[in-house]
Amino acid sequence: QVQLVESGGGSVQPGGSLRLSCAASGSILSLSVMSWYRQAPGKERELVATITSGGITNYADSVKARFTISRENAKKTIYLQMNSLKPEDTAVYYCNADVLYNPGSYYRRDEFWGQGTQVTVSS
């Protein structure tokens with residue numbers, strides 16, 4: 001199977017920085033689009049940033065110029081560098097990936113989610 005494991009969350013003061021990581025493992029043949037989502041208490045999950053296998057990125061307006069998504073294909077890992085953090089960035093951050101994998105004697109393509117990592121921005 002496939003697993004996505006996030007790390008790097010924590011608590012930081014407004015204006016601070018954090019770097020999230022998401023490592024994929026399992027019988028992976030290829031990783032296509034990978035994304036970061038977040039969900040604040042009482043709100044719906046929202047897309048934060050995406051990156052294609054070729055490195056094309058896209059960001060939510062609320063994080064443009066503050067967050068940077070990147071990936072290391074050889075390590076099957078994506079990152080989210082978050083700068084100038086605001087209290088409204090407080091949320092559980094989830095990694096998402098479009099994965100082609102080999103669960104047995106066949107190929108399958110599915111979307112996978114990580115377990116989430118908490119980011120809290122507070123003074």
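Over the C-alpha atoms of the chain, the Rg to Rh ratio, Rh being the Kirkwood estimate, stands at 0.99. Placing unit charges on the Cβ atoms only, positive for Lys and Arg and negative for Asp and Glu, gives the chain a dipole magnitude near 200 debye about its Cα centre. Rounded to the nearest whole Hz, the Karplus-based 3J(HN,Hα) values (6.51 cos²θ - 1.76 cosθ + 1.60, θ = phi - 60°) of the stretch 50-62 follow the sequence 10, 8, 7, 5, x, x, 6, 10, 8, 10, 5, 4, 5, with x at glycine and proline. Note on Arg109/Ser7: beta-carbon distance plugged into 1/(1 + (r/R0)^6) with R0 of 22 Å gives a FRET efficiency of 0.30.
Each residue of the stretch 81-98 is assigned a 3J(HN,Hα), and the resulting list reads 8, 10, 10, 6, 5, 10, x, 6, 7, 4, 4, 8, 9, 10, 8, 9, 9, 9 Hz, derived from the Karplus form 6.51 cos²θ - 1.76 cosθ + 1.60 (θ = phi - 60°), x at Gly and Pro.
Here the Gaussian network model covers the chain, with springs between Cα atoms less than 10 Å apart; of Ser35, Ser70, Ser25, Ser25 fluctuates the most.
Per-residue accessible area (protein heavy atoms, 1.4 Å probe) orders Thr117, Thr52, Thr68 as Thr68, Thr52, Thr117, starting from the largest. Computed with a 1.4 Å probe over protein heavy atoms only, the accessible surface of the chain comes to 53 Å² per residue.
Only protein atoms count toward the accessible area here, which uses a 1.4 Å probe; on the stretch 1-74, the carbon and sulfur part of that area reaches 47 percent.
Taking every alpha-carbon pair under 8 Å whose residues sit at least 6 apart, the chain reaches a relative contact order of 36 percent. Of Asp98, Asp61, the order by accessible heavy-atom surface (1.4 Å probe, DNA, RNA and ligands excluded), from most exposed downward, is Asp61, Asp98.
In order along the stretch 39-45, the phi-based Karplus estimate (6.51 cos²θ - 1.76 cosθ + 1.60, θ = phi - 60°) of 3J(HN,Hα) comes to 9, 8, x, x, 10, 6, 5 Hz; Gly and Pro are listed as x.
Residues Phe67, Phe112, ordered by accessible area of protein heavy atoms at a 1.4 angstrom probe radius and largest first, appear as Phe112, Phe67.
The values are calculated or read from the model by the stated rules, or taken from the named source; none is laboratory data. These numbers were taken from a predicted model, which means no experiment stands behind them. All Cβ positions, even for glycine, are placed from backbone atoms using ideal geometry, and neighbour counts span all protein chains on display. Calculation scope for accessible area: heavy atoms of the full protein, side chains included, ligands and nucleic acids excluded. Shrake-Rupley method; radii C 1.70, N 1.55, O 1.52, S 1.80 Å.
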